[in-house]
Every structure is written in structure tokens, then in C-alpha cells.
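Let me begin by presenting the structure, written as C-alpha cells, before commenting on it.
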Amino acid sequence: MARALALAAKGTGQVSPGPLVGCVITTKDGEVLGEGFYVYQDVKHAETLALEQAGGRARDATAYVTLEPHAHFGKTPPCTNNLIASGIKRLVAPIEDPNPKVSGRGFDHLRSAGLEVSSGLMAREAKKVNEKYSHFMTTGRPFVHLKLATSLDGKIATRTGDSRWITGGESRVRAQELRHECDLILIGAGTALADNPLLTDRAGKPRRRPLTRVVLDERLQTDPESQLVQTAKEAPVLIFTGESLETRKAEVLLSRGVEIVRDSFGGRDLLLVLEELGKRSFQSVLVEGGATVAGNLIDAGLVDKVTFFLAPVIIGGRDAPSAVGGHGAERLIDALGVVDVEIVQRGSDIEVTGYPPKARDRNEGGPV
Ligand SMILES: NC(=O)c1ccc[n+]([C@@H]2O[C@H](COP(=O)([O-])OP(=O)(O)OC[C@H]3O[C@@H](n4cnc5c(N)ncnc54)[C@H](OP(=O)(O)O)[C@@H]3O)[C@@H](O)[C@H]2O)c1
């Protein structure tokens, strides 16, 4: 299963809005007969690829698949049919497909055909591999991963707004990997103006769809000469703005390839923003600041995962911005605890990743 999970991860950047799936077929003594992982463009599922390699030796073998095989006709015929036809005797899959429309049906189909089915093995790891897919399937909204780079004293820029670079090269290489894992990157107008960032995926690995860059900009302050706008024809840019926007500027932005989404809250209702992005089949978003957007997302309970890169530097200064704005906690007991924490050293920086307890699943809209 560990090998199947490693195979699944090879599809990173190439499967959204689908799941990452890996499959290994072995004899009962553990000899590997076939392997595969899912890539959206290739249409073939991980199980099918592994079964093709195993050929006739799949009879009586065991299939390790990282996610419940599907039993319905989607882009491809049901994988359960292929598994049954191959003569596989035993299926080991850690978790059910979180898609509520198909969950459990694959296991039922295989059991009713006489296969031995067991689940639960490395379930925690399997859930993590598909955390974005699961969230998207169950909420219809992209998984929100907040990433920030801070000094030891929690600042994201100096009092004059200088923010490049707080962290070292290894953290920045890692940050590119985080971009590669996501469909979208989101910032507020403040960061667009202060930093003039490019926000492209420079991980150097294949991706199915270009990383779409999103700016929350109610007053349409984004500069038409900015790097974002200048590159909009190669990597999409989506600006959420108000309904009464300055039309001439909007026309210039549109002519340069920017897509403008107008709504009555001008991108300030973050739940609405995420719902709109979900409708466009975006499975995940990496939020790269700044403090106001980060704080508002946290206040709204909409952050699913956080990664902070802490650099061994003290910026100081009362007027230097700290990482997270918004209202914040009133009492310490209300502070957002982060669980399932992982800490990794990146050069002389520290990367801290964790999960806020189940993000609030709000049902009603309204500005936040
Ligand atoms: N170290 C890091 O990791 C890092 C990362 C990013 C940025 N930064 C630094 O952070 C600073 C910028 O922070 P910031 O707080 O000014 O900018 P921000 O969070 O990027 O942008 C905030 C602005 O975005 C607009 N906006 C539209 N919809 C919004 C919504 N739903 N929630 C929040 N804002 C929304 C508002 O503009 P209006 O109110 O003007 O309409 C708001 O003032 C810069 O100095 C930048 O260098 C550091």
C-alpha cells in the first residue's frame, strides 16, 4: 500500500478535479505483477494500467488500490468490471470514494462478485493523499491551503513594506511544490499592489491545467502593467471585483486576457468566492496572502490547512504587518488550534504544517 500511495502521488498536478490513485498488483507472496497511477489525460485508471501489466498472472492475485475502485460509467467503464474479469482474488483499498454519489458501491460490487475486500490499511495516509479531492467532493468548494512566510516575530514585511525575501531558497523551492499541488493561487489586492508578484508554478513538473491566479480586488486596483496582467494570456488571471467598477480600466484588463468576476460583495464574501471557484471545478487553492485575506479566511472558518515558513530573523517594529489580520481571537481559548502538525527544517527555516479543526461548514452567505 505504501508503494501504491507513492505511485498515486506521482499524479500530483495532473488529476484535478479527479482523485490521486495508485495501484499495485502482487502475488500472494508479494511479487509485484503490475503497477499504475492515474493521470486524467491518459483516461486509463490506475487499476487498468496495473492489470494490463499483470496480464494473465492477475488471476488469484491481490490488488492494492489507494481508493475504492469505481463501479459506475464515468469517463471510463467501471474499474470494478476489469478487476472482476481479471480474476483478482483479493482487493485491499484503505478508504471509500468520498464522492457521495458512488461511495461504497465499488466495494459492494466486488464483494457481490466474490472478491475478498478489505479496507482500513494506511487509511490515514490515503485520506491525506486525497484531502483536496475529498473536500471538493463533499463541499463543492476548493480545499483552502493557507501559506505564509514570516519572521520569528510573526511579521510578513517590514514597516516600509519590504517582504522579499524573508525566507531562504529551500523554503521558496518548497513553496513552488505547494503551488504545483493546487489549481489556484489567491491573493488580496494589497499583495498585488505591494509585491507585483508573478505567482506562476515554477516547480518544473507537468500539470494538466495552468495554475489560475485569483485576486480579490473590490475596487479594481490591480495595475494593468503588473506582472500578473502582463502574463494573463499564458497563465489565467481571475479578478473578483464589485459591480460598480471602473469600466475603462476593466476593458483594458479584459483586453489583456484577465477574466473579471463581478459580484455584489466585490469578493468580500469569501464563501461566495469559494463557491464560485468550485463551480468552475477548481479543487484546491493556495492562499499566499496577505494578512487581511489570511485573517478574513480564518475568521470565516474557511481555512483547511496551513503552512508557515518561519525564518530565523526578527523584523520588529509596531507598524510592520503581522501574518494574520482580521478580527482574531478575543481570548486565548478562542485562538485557532492547529492539529496533526508536521515540522520540517528547510535550510535555516522551519516549515510548520497543520490543520485547523474541521473548518466551519457555513451554509449561509453574507459579507465577512
Ligand atoms: N511574507 C508573506 O508570506 C507575504 C505574503 C503575501 C503578502 N505579504 C505582504 O503582505 C502585505 C499586504 O498585506 P495586506 O493585508 O495589505 O493585503 P492583502 O490581504 O493581500 O489584500 C487586502 C486587500 O484586498 C482587498 N480585498 C478584496 N476582497 C477581500 C477579502 N475578501 N478579504 C480581504 N481583502 C479583500 C481589500 O482591498 P481594499 O480594502 O483596498 O478594497 C483589502 O484591503 C504586503 O506588504 C506584502 O508584501 C507577505
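Structural remarks
- Here the Gaussian network model covers the chain, with springs between Cα atoms less than 10 Å apart; of Ser134, Ser255, Ser284, Ser255 fluctuates the most.
- Order of Glu342, Glu68 - criterion: other Cβ atoms within 10 Å of each residue's Cβ, fewest first: Glu342, Glu68
- The chain: relative contact order in percent, alpha carbon pairs under 8 Å with at least 6 residues between: 16
- Nearest-20 debye value, the stretch 253-323 charge dipole, Cβ charges on Lys, Arg, Asp, Glu: 140
- Sparsely packed loop sites in the stretch 128-190 (the trypsin sites (Lys or Arg not before Pro) outside DSSP H, G, I, E and B with at most 15 other Cβ atoms within 10 Å) comprise Arg159, Arg164.
- Relative contact order computed over the stretch 82-155 (Cα-Cα under 8 Å; 6+ residues apart), in percent: 31
- Efficiency of FRET between Glu259 and Leu198 - r from beta-carbon atoms, R0 25 angstrom, step 0.05: 0.90
- Modelled FRET efficiency - R0 30 Å, Glu177 with Lys89, Cβ distances, 0.05 increments: 0.20
- Other residues with beta-carbon under 10 Å from the beta-carbon of Leu193 carry, at +1 per Lys or Arg and -1 per Asp or Glu, a net charge of -3.
- Fewest-first sequence of Ser118, Ser103 by Cβ atoms within 10 Å of each Cβ: Ser118, Ser103
- Charged-residue dipole, Cβ positions (Lys, Arg, Asp, Glu), the chain about Cα centre, Debye nearest 20: 620
- Lys pairs, the stretch 142-355 - Cα-Cα below 25 angstrom, 8 or more residues apart or on other chains: 10
- Sites excluded, chymotrypsin sites (Phe, Trp or Tyr not before Pro) in DSSP loops with at most 12 other C-beta within 10 Å, longest stretch of the chain: 166-368
- Efficiency of FRET from Cβ geometry, Asp334 and Arg248, R₀ 35 Å, rounded to 0.05: 0.20
- Counting beta carbons within 10 Å around each of Lys89, Lys233 and listing the fewest first gives the order Lys233, Lys89.
- Here's the list of aspartates and glutamates a cross-link from Lys75 could span, going by alpha-carbon distance under 12 Å and ignoring same-chain residues fewer than 8 apart: Asp42.
- Among beta bridges from DSSP that stay inside the chain, the antiparallel ones total about 40%.
- Check: the stretch 2-129 dipole with +1 on Lys, Arg Cβ and -1 on Asp, Glu Cβ, in debye: 140
- Charge tally around Lys279: other residues with Cβ under 14 Å, Lys/Arg +1 each, Asp/Glu -1 each, net -3.
- The value of relative contact order for the stretch 4-141, using C-alpha pairs under 8 Å at least six residues apart, is 21 percent.
None of the figures in this text is laboratory data; all of them are computed from the coordinates on show. These figures come from a predicted structure and were not determined experimentally. Here Cβ is always computed from backbone atoms with ideal geometry, including for glycine, and neighbour counts include all displayed protein chains.
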